[in-house]
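Just so it is clear, none of the values below were taken in a lab; they were calculated from the coordinates. Being a predicted model, the structure only gives us computed values, none of them experimental. Backbone-built Cβ (ideal geometry, glycine too); neighbour counts: all protein chains shown.
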Amino acid sequence: MAHLIEIRDMYKIYAIGDEPVHALDGVSLTVDDGEFVAIMGSSGSGKSTMLNILGCLDVPTKGSYLLDGIEVARRTPTELAHIRNRKLGFVFQNFNLLPRTSALENVELPDLYRGRLNVRERRRRAMELLARVGLRGRERHTPAQLSGGQQQRVAIARALMNNPPVVFADEPTGNLDTKSSIEIMNLFTELSNEGITIVMVTHEDDIAAYAKRHVVMRDGRVMRDDRGEGGRKTTEQVSQLVKEALA
Amino acid sequence: MNLLTIFKVALKSLGRNPVRSFLSCLGIGIGIVAVILAMAIGQGAKTMMVKEISSMGNNLVMVFPERRRTGAVSGGMGQGQTMTAKDAEAIKKELAHLVQGVSPQVRTSVQMMYGAKNWAGNVQGVSTDVLMISNWTVTDGRFFTADEERACARVCAIGTTVRANLFADDENPVGKTIRLKNMTFRVIGVLGSKGANNWGQDQDDVVMAPYTSVQRYLQRSKFQNINMMNLSLITMDDLEEARREVTSLLRQRHHLADYQDNDFETRDTTEIMNTIGSVTGIVGVLLLIFSVITLIVGGIGIMNIMLVSVTERIKEIGLRMSIGATPLSILTQFCLEAIVLATVGGAAGVAVGIGASYAVGALAGWPVLVEVSSAVYAFLISSVVGLFFGFYPAYRASKLNPIDCLRYE
């Protein structure tokens with residue numbers, strides 16, 4: 001069976017001054033449909049670069065990337081925009097909602113750029129998604145009228161709008177308090193249980209513990225790829241895993 | 001994403017910043033107001049001048065004797081002594097296929113008296129054709145006749161200004177005898193008012209008498225020279241031919257040899273019209289330069305705001321790109337925002353400009369003329385300005401890298 005995501009021998013090299021910096025140094029990774037992956041590592045490990053390339057927000061210097069069976073490593077900005085719109089959902093650390101715009105309109109946005117639904121269908125789907133993430137009755141609220149946790153729920157609903165095969169989350173709880181973080185991670189777990197593929201970047205062990213599979217990176221290389229065959233890990237087990245990987 | 005949706009997005013973005021949107025419209029709006037106002041006043045003035053020039057005469061051609069030189073000093077126009085009433089008669093007789101009326105004109109300034117009142121002014125000695133040539137009307141009484149002209153009758157028609165200064169309001173001047181210099185003249189008619197001409201001269205401050213009588217009784221000159229003559233052509237289409245024939249006839253009558261210059265000059269209203277045309281043309285070019293500068297200033301204002309807006313909304317741009325906005329849709333969105341700003345500013349400018357034109361016209365008593373075409377052009381041009389000055393910021397936005405946008409702090 002083809003993998004949902006398949007990267008082979010990927011390099012991302014930045015020229016900072018005279019020294020080329022290898023943000024990704026020959027990474028290969030596959031992700032299958034329905035997985036919940038946490039990419040871990042300290043800052044500078046290349047995990048954000050990895051997520052940006054996986055999310056088609058950035059292009060690799062070298063290497064191949066098959067997304068859903070299509071080569072996407074060498075595409076024009078316009079083609080990448082279409083791929084992001086149809087195949088990918090994003091959840092950011094700082095939510096990135098449009099200010100002074102209602103939750104409903106924020107959720108509708110991806111289909112506005114796609115134009116698959118008519119106005120009524122789009123509205124109905126956005127309403128359903130907001131209800132799905134627990135924001136029924138707050139459709140007309142603007143981001144300023146919502147708490148951080150609620151804003152991140154809006155962002156998750158938006159990521160799901162175009163039914164993408166995979167959702168990328170970049171430190172989704174980085175700006176949230178503990179209680180909201182737990183709620184958001186429970187929501188991700190539910191989505192994962194429904195079969196949605198999630199790739200998340202985090203450096204927090206307790207957040208990573210919600211994922212089933214753990215990829216630990218350092219200096220642009222994958223140090224450890226634990227597919228979680230032994231079932232769900234506790235925070236301590238994740239910490240142990242990371243410590244071993246980087247030892 | 002279709003154009004309509006992008007348009008809505010653009011409108012929404014502008015709506016989120018109403019004050020800033022308003023201020024960026026303002027520059028171009030004020031520019032358009034100024035342009036419309038200037039054009040309206042300019043057009044009004046031109047129309048008025050043209051109207052007044054045509055009121056000077058009916059297919060009018062004026063012939064003046066040459067300017068006389070005494071040593072190095074040039075005499076004024078009409079002061080030469082080379083032209084006589086006989087010339088006018090000859091033109092009338094021999095060029096009847098071109099000319100429908102000829103009036104010689106002699107002018108003399110006199111003291112006028114009636115009872116205890118007196119007034120200083122010009123007496124114009126003319127022929128009966130002057131009524132038709134210069135569009136004069138007679139409101140009371142009548143004008144003098146050809147017989148009276150031949151007989152050197154001491155009769156005259158007076159303008160309303162003269163009437164007001166010599167006669168009481170309730171007194172009918174027709175039939176009264178006034179004194180011009182030391183001669184008595186009978187008033188036989190009152191001329192219809194023509195008001196002031198273009199140069200502010202009161203055309204109603206006039207007394208008209210047969211040129212024969214003026215020459216005989218008021219000028220008492222042994223020469224028969226006249227100051228000028230006014231011709232009325234049958235049609236302006238014959239202007240060139242008429243000028244040619246008048247010239248050759250007068251040269252022949254004045255016995256001018258081939259090597260001698262004309263001892264007279266012809267003038268017609270097309271020359272004056274052309275002068276007005278070139279003056280308003282210069283004003284038009286100035287207005288155009290003025291408008292272009294204004295629109296550039298307004299456009300730069302919009303470009304400025306759009307550049308600030310792109311920088312300020314860089315995270316929004318990154319977000320839109322990350323969820324599927326193509327570079328083209330970003331470009332379109334920001335271009336449309338600029339066009340909307342410019343067009344709304346332009347439309348408001350047109351509306352306020354038209355209002356202001358009429359207000360100025362009413363308050364200052366100036367004639368104003370708002371041409372529909374100038375309003376339409378102003379409107380169209382403002383949207384082009386929006387596109388022109390909005391393109392660069394929009395292009396910059398569209399070329400941004402989504403990652404850089406999302407990371408921008």
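Quick notes on this structure:
- Separation of the B:Lys51 and B:Asp169 label points, Cα + 7 Å toward Cβ, nm: 2.7
- Across every direction, the projection of the convex hull enclosing the Cα atoms of segment A:1-118 has a mean area of 9.7 nm².
- DSSP loop GluC sites (Glu not before Pro) with at most 12 other Cβ within 10 Å: longest gap in chain A: A:1-193
- Remark: the Cα gyration tensor places segment B:139-188 in the oblate category, a/c being 1.5 or greater and a/b not exceeding b/c.
- Radius of gyration (Cα atoms) of chain A, expressed as a multiple of 2.2 N^0.38 Å: 1.01.
- Here, segment A:76-198 has an Rg and a Dmax of 13.6, 41 Å when only alpha carbons are counted.
- Sparsely packed trypsin sites (Lys or Arg not before Pro) within segment A:27-129, loop by DSSP, other Cβ within 10 Å at most 11: A:Arg74
- Segment B:83-262 - share of DSSP beta bridges that are antiparallel (%, nearest 5): 75
- With R₀ fixed at 41 Å, the C-beta to C-beta distance from B:Thr137 to B:Leu3 puts the FRET efficiency at about 0.05.
- The average projected area of segment B:83-262, computed from the convex hull of its Cα atoms over all directions, is 11.5 nm².
- Along its three principal directions, the equivalent ellipsoid of segment B:80-163 from the Cα gyration tensor extends over semi-axes of 26, 16, 12 Å, largest first.
- Alpha carbon centroid spacing (whole Å) that separates segment A:99-143 from segment B:95-153: 88
- Applying a DSSP loop filter and a limit of 12 other Cβ atoms within 10 Å to the trypsin sites (Lys or Arg not before Pro) in segment B:110-215 leaves B:Arg142.
- Computed over the alpha carbons of segment B:218-266, Rg followed by Dmax gives 13.5, 40 Å.
- Distance between segment B:306-339 and segment B:171-240 - C-alpha centres, whole angstrom: 76
- Comparing B:Phe379, B:Phe143, B:Phe223 in a Gaussian network model of chain B, where Cα atoms under 10 Å apart are tied by springs, the biggest mean-square fluctuation is seen for B:Phe223.
- Pairs of Cα atoms farther than 40 Å apart, the protein assembly as shown, %: 57
- With both labels modelled 7 Å from their Cα along Cα-to-Cβ, the B:Asp258 to B:Ala364 distance reads 5.7 nm.
- Highest-MSF residue in chain B out of B:Pro18, B:Pro173, B:Pro393 [GNM, Cα springs under 10 Å]: B:Pro18
- Pairs from A:Lys12/A:Lys233; A:Lys87/B:Lys12; A:Lys212/B:Lys315 whose Cα-Cα separation, in the structure shown, is over 29 Å: A:Lys12/A:Lys233; A:Lys212/B:Lys315
- Computed label-point distance, nm, for sites B:Ala151 and A:Gln240 using a 7 Å Cα→Cβ extension: 14.3
- By the Cα gyration tensor, segment B:161-201 has an equivalent ellipsoid whose semi-axes, rounded to whole angstrom, run 22, 14, 9 from largest to smallest.
- With a cut-off of 12 Å between beta carbons, the residues surrounding B:Gln203 carry a summed charge of -3, where Lys and Arg count +1 and Asp and Glu -1.
- Under 29 Å of direct C-alpha separation, and excluding same-chain neighbours fewer than eight residues apart, B:Lys176 reaches these lysines: B:Lys117, B:Lys194.
- Prolate/oblate/rounded call for chain B, Cα gyration tensor, a/c under 1.5 rounded: prolate
- Both radii are taken from the alpha-carbon atoms of segment B:187-237; with Rh as the Kirkwood radius, Rg/Rh is 1.05.
- Cβ-Cβ FRET estimate between B:Phe22 and A:Arg221, R0 fixed at 60 Å, reported to 0.05: 0.65
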